[in-house]
């Protein structure tokens, strides 16, 4: 463990860069306003008109399980350990570098989804907002902390996972960010289609998950793990994944090609 911390400190000290821009403040303000607007305009209407129509509900049921964190945690863990194994077994310098980079991506994916999901679950238990199924008794703003799953509506845990996953993909594959944003919206709002959450729950979950992944990317960029900072301190991938460029490894994270 001491060797690992020493290695990380060496990478951080060798790659000083400007602090990340404070775009998170604008992000937080916009997200908070969207949540409040949804509270005031949409949530009561959704509660009064549930359940959703059969067509919308069938679409929601088809895609909502994507927001379950189990599958992505398993995939990211496999990617991490497979990368480490390939790094140790490969003799080619380029293959060892690619394997180590894959392991870093697996670790980043796992931490982004696991930590955002755990913290969101704690938040929604503490807040204790009643789900749409309790609307007739509690309305759209009913609060009862630590009262079980029927009072764990805000924020949406599924939407938090979706937000975290797609922000990871946006950061790694920025070329496809518009498609990822649209998919995230569909996956998140499937929770409204199946009457599990209010729109504000979904907006809060998507925003929180995306923010958490971005925050973690900034931390990784300090150590040149997966990301590196651009001229303004914003995290960008050290490698282009499409196609994955083969770059020689450097223990301090200084590589050729995209890593300048």
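Observations, loosely collected:
- Residue in segment 112-120 that is more than 25 Å from residue 146 (Cβ to Cβ) and touching a helix residue (DSSP H, G or I) at 6+ places or on another chain (Cβ under 8 Å) present: yes
- Residue match in segment 79-92 (condition: touching a residue at least 24 places away in the same chain (Cβ under 8 Å) and closer than 30 Å to residue 195 by Cα): no
- Look at (1) modelled with pLDDT of 90 or more; (2) farther than 30 Å from residue 39 by Cα and you find that residue 260 fails only one, number (1).
- Here the helices (runs of 4 or more DSSP H) wholly within segment 38-157 that include at least 1 residues being closer than 21 Å to residue 227 by Cβ and touching a strand residue (DSSP E or B) at 6+ places or on another chain (Cβ under 7 Å) are 93-127.
- Index of the failed condition, residue 221 passing every other in (1) touching a strand residue (DSSP E or B) at 6+ places or on another chain (Cβ under 7 Å); (2) part of a loop (DSSP other than H, G, I, E, B); (3) at pLDDT 75 or above: (2)
- Check on residue 165, surrounded by 24 or more Cβ atoms within 10 Å (Cβ to Cβ), out of contact with any strand residue (DSSP E or B) (no Cβ under 9 Å at 6 or more places or on another chain) and within 26 Å of residue 101 (Cα to Cα): yes
- Segment 60-77 residues that are over 22 Å from residue 195 (Cβ atoms), paired with ones that are surrounded by fewer than 14 Cβ atoms within 10 Å (Cβ to Cβ) (beta carbon under 9 Å, 6 or more apart): 71/65
The values are calculated or read from the model by the stated rules, or taken from the named source; none is laboratory data. Bear in mind that the values here come from a model prediction, so they are computed numbers and not experimental data. We place every Cβ from the backbone using ideal geometry, glycine too, and count neighbours over all the protein chains shown.
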